[in-house]
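Chemist: Below is one structure. I have some questions about it.
Coordinate-derived values only; no laboratory data. From a predicted model like this one, the values you see are computed outputs, not experimental measurements. Here the Cβ is made from the backbone with ideal geometry for all residues, glycine too, and neighbour counts use every protein chain on show.
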Amino acid sequence: MSESSISSSDTAGCEPIAATPQGPIKRDRLGIFEIAYEKERTFIPSRHAVTSVVNSVSENGPFVFRLFKDVYSAAPTTFLLYLIANLWLSVSPTVAIYVVKVGLDIIERWMSSGFSSSDNMVDDFRYAVLYWLAFALVSLMASRYITENERVLDSATKLLLYPQFAKLSLALDLDTATGGNSFPNPGEFHRAYCKAWETLCVIILQLRSLICILLQACVVTIVLHDSLPLDIVITFGSCVLASLLLKPVNKFGGAGYVFWTKNRHYDRLIGLHQMIFNPWVYRDSIIKTVPEGYIYQEYKKEIEGLGVQKYSEADFASTTSVPAPWYWEFPSKIIVDCFPAVCSVVLFWNPLTPSLLCAGVLLQTASVSLRNRVDLMLLCQSRSFVDLLQAAKLCYQDLGISSTMIAGNHEYSDSEKSSGQGMSVSFQNVSLVYPGQKQALDDVSFDISPGQLIVLVGVNGSGKSSLLNLLPRLRDPTTGSILIDGRPIQDYDLASLRSSITILSQDDVLYPLSYGDNFTMALGNSVSVDDGKLPIKMLERAATMGGSSGIIHAQKEGFDSLYTPSDNAFERSLHVSVTGCGHRFPSSAAVRVLGLEHPLRKPTMLSGGETQRLLASRACMKLLNGGVKLLIADEAISAMDPVAERALLKGFLEHGKGMTMIFVTHRFAHLVKHADQILCLNEGRVVERGTHTELLGVEGEYARMYNAQAEAYQ
């Protein structure tokens with residue numbers, strides 16, 4: 001391609017386009033990408049900024065102290081040594097500068113004496129070198145200790161905090177749990193640091209760098225006041241700090257930015273690239289629907305239309321990938337890296353003395369050390385000091401979160417569970433409105449006697465699932481009341497009520513555990529596990545009743561086989577080292593060993609019917625354990641073949657004698673003949689209620705649905 005295709009991607013300059021209370025929004029263009037960012041505030045802190053920091057320290061300081069206290073309680077000795085190591089690393093560069101000063105003083109005396117050295121001078125120099133080496137060795141050991149124990153302290157923090165978070169999260173109602181909170185994310189346990197420990201790490205690193213910079217500045221000023229005029233030392237130090245602190249880390253002044261492209265070639269090329277190189281998803285459809293050669297022609301056309309580009313999305317993954325303008329690099333390079341050259345220029349107008357030469361070497365050492373410290377501090381400045389204090393507070397704010405659903409304290413007693421009678425249910429003028437959505441239920445009233453078999457029918461979206469979700473109190477009705485065995489549902493203890501209900505829903509999922517764990521998870525602590533072994537007889541009965549026995553025994557390890565979801569809800573990654581920065585990808589032999597010892601968890605390929613059989617078996621496990629008073633099946637067998645469906649329903653009817661049962665299914669023709677009561681819903685209201693014979697005689701909504709289904713199966 002010609003150079004013109006590259007020149008078109010040159011920067012077009014910045015232009016202010018809007019203003020916000022924080023500052024003007026600016027736009028830039030790099031190649032085909034548009035960039036927008038908010039101009040950073042001036043480096044000089046305003047009165048408001050100072051007040052904000054003071055208020056933040058006052059408000060969030062106790063949470064930072066709590067972070068220190070909790071990590072110390074989790075691993076006292078390790079954390080104390082960790083703090084000592086960080087304290088040493090904040091002091092050691094200053095000590096090293098002082099030792100260099102001592103060595104330079106000895107060299108200065110040696111030069112002033114005409115290069116003649118006494119035994120004392122030689123011994124002093126040897127001791128200075130030994131001290132310097134000793135300090136360097138201790139610093140290396142401190143740095144190694146910090147690196148090796150960060151994961152230990154992270155694990156100890158998780159051990160302390162995660163059980164608290166888990167207990168609180170599981171106690172929340174559905175709406176609160178799925179709302180915004182700062183609980184650990186699903187992959188945080190094994191693929192990321194604990195947020196609390198990560199926040200504390202950054203705070204310690206910031207404090208370490210700040211202490212180090214202040215100490216070095218003070219010591220350099222003190223030790224050089226005899227060699228150089230104070231104003232020169234202060235001027236030089238100010239120039240070094242200014243060049244380091246004011247230099248932006250990227251082209252946009254260190255600001256965060258957003259980027260996008262409207263280039264048609266680029267957008268279409270991404271889609272075509274996915275289609276070609278993801279054959280597991282697209283190749284089947286391509287072979288069946290797209291003429292041969294067409295996709296290649298389109299791919300080649302789009303990639304040639306895009307041309308050679310100077311920037312890609314990878315360049316914007318890190319803010320440092322778009323470097324600062326050259327005029328920021330120049331003063332930093334001259335003042336810090338090329339200081340000896342600057343000194344040589346100055347020496348043309350000043351007499352060369354040992355004192356001046358030693359002072360120049362010391363300033364060079366100090367400037368390089370300061371640059372390292374400032375770079376380290378800027379490395380973690382994606383969050384300001386105020387942000388870090390607020391992050392410490394966020395680590396604990398969810399420990400005070402509570403469920404918005406009020407639970408009663410009346411136990412659904414064991415005597416009630418053990419009786420052969422099912423659960424009675426009464427809906428009295430119940431309405432339900434989801435936040436920001438239309439009304440799901442509208443003034444619903446009905447009564448279900450103990451032991452009745454109920455069938456809910458209605459078109460999609462008529463409110464059947466919304467109605468059933470109120471029984472285990474996934475949500476509470478907006479208005480109206482629900483009575484369970486004559487008592488308001490809110491009076492019951494949630495755990496005891498839910499343990500008396502078995503629910504088989506169309507929204508159920510298998511857990512990323514073994515099949516045996518999936519089944520016994522429904523029982524909690526009520527099942528006895530001997531020496532870690534599952535109750536195999538009970539598992540076999542549940543699998544047979546639910547129709548999943550053949551599926552499970554087809555697996556290599558039977559009930560111990562792991563189920564791996566096929567979506568992004570479960571992370572599956574090859575456990576290999578990260579490449580880059582000198583790290584190479586493992587050899588093919590090492591990867592083969594990994595494949596033999598710990599194969600990658602591939603997604604478990606199950607059909608919809610197989611998944612529903614496994615879920616039905618899990619529900620059967622709870623039924624077999626006893627104590628269930630209400631069985632709910634909500635479109636849970638829609639993907640099963642008719643034979644499996646009939647067998648499962650027969651098992652439910654036989655095992656659930658005396659139990660109250662509520663079924664929702666679109667294939668209801670064979671079930672309604674056994675129903676004690678049929679509820680027909682439409683647009684959130686119960687429009688018809690009665691037995692199969694009664695509702696057919698009405699010739700209303702139910703009769704139309706039943707006749708349409710009968711005609712479809714003829």
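Chemist: Highest mean first, how do 691-702, 85-96, 429-440 rank when packing is the count of other Cβ atoms within 10 Å averaged over residues?
Modeler: Averaged packing, sorted descending, gives the order 85-96, 691-702, 429-440.
Chemist: Excluding S607 itself, what net charge comes from residues whose Cβ is under 12 Å from its Cβ, given Lys and Arg +1 and Asp and Glu -1?
Modeler: -1
Chemist: Can you list the residues, at least 5 places off or on another chain, whose amide H is less than 5 Å from the amide H of N682, using H built in the peptide plane?
Modeler: V687
Chemist: Would you please name the GluC sites (Glu not before Pro) within region 611-692 that are DSSP coil residues with at most 11 other C-beta atoms within 10 Å of their C-beta?
Modeler: Counting only loop positions with at most 11 other Cβ atoms within 10 Å, none of the GluC sites (Glu not before Pro) in region 611-692 qualifies.
Chemist: To make sure I understand, if each residue's beta carbon is the centre and we count other beta carbons within 10 Å, what order do T604, T289 fall in, fewest to most?
Modeler: T289, T604
Chemist: Give me a comma-separated list of calculated 3J(HN,Hα) values for region 690-700, in order, Karplus coefficients 6.51, -1.76, 1.60 applied at θ = phi - 60°, integers in Hz, x for any Gly or Pro.
Modeler: x, 7, 4, 5, 5, 6, 5, x, 6, 6, x
Chemist: Then there's this: What lysines sit close enough to K438 to cross-link, taking a C-alpha to C-alpha distance under 24 Å and skipping anything fewer than 8 places away on the same chain?
Modeler: The qualifying lysines are K464.
Chemist: Limiting things to C-alpha atoms, what are the Rg and the maximum Cα-Cα separation (Dmax) for region 264-320, in angstroms?
Modeler: 13.9, 46
Chemist: For region 264-320, calculate the relative contact order in percent as a whole number, restricting contacts to Cα pairs under 8 Å that are 6 or more residues apart.
Modeler: 47
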